[in-house]
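Have a look at the structure below, then the notes.
Read the figures in this text as sums done on the coordinates, not as results from a lab. None of these values were measured; they are calculated from a predicted model. Glycine also receives a Cβ, built like all others from the backbone with ideal geometry; neighbour counts cover every protein chain displayed.
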């Protein structure tokens, strides 16, 4: 049984401080590598989500442009009809030639 004055650690009775320091460095390196891998995967997931959202935004922009064009056409027709029918105070009917469904999607 070793006496209380000898150096004893989980590495054994002859563990030196340089061995302990080297072990700590290796453990720290492993922890940092794991953290780096975890952050890399998170970054990959974020980039995938960004790409998915970018495509969705593109589609929404295209839909908005189509709806804006449709609205301009309806207003143009309403304005040309109001000149002959009711004058400048008539309210345009935006439901003329409607091609949109109730949720705004094309039918």
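Which FRET efficiency, nearest 0.05, do residue 44 and residue 64 yield, Cβ-Cβ r, R0 30 Å?
That gives a FRET efficiency of 0.50.
Go from 0 up to the bin containing the longest alpha carbon distance in the range 14-78, width 5 Å each, and give me the % of pairs per bin.
4, 14, 8, 10, 8, 7, 8, 6, 6, 5, 5, 4, 4, 3, 3, 2, 2, 1, 0, 0
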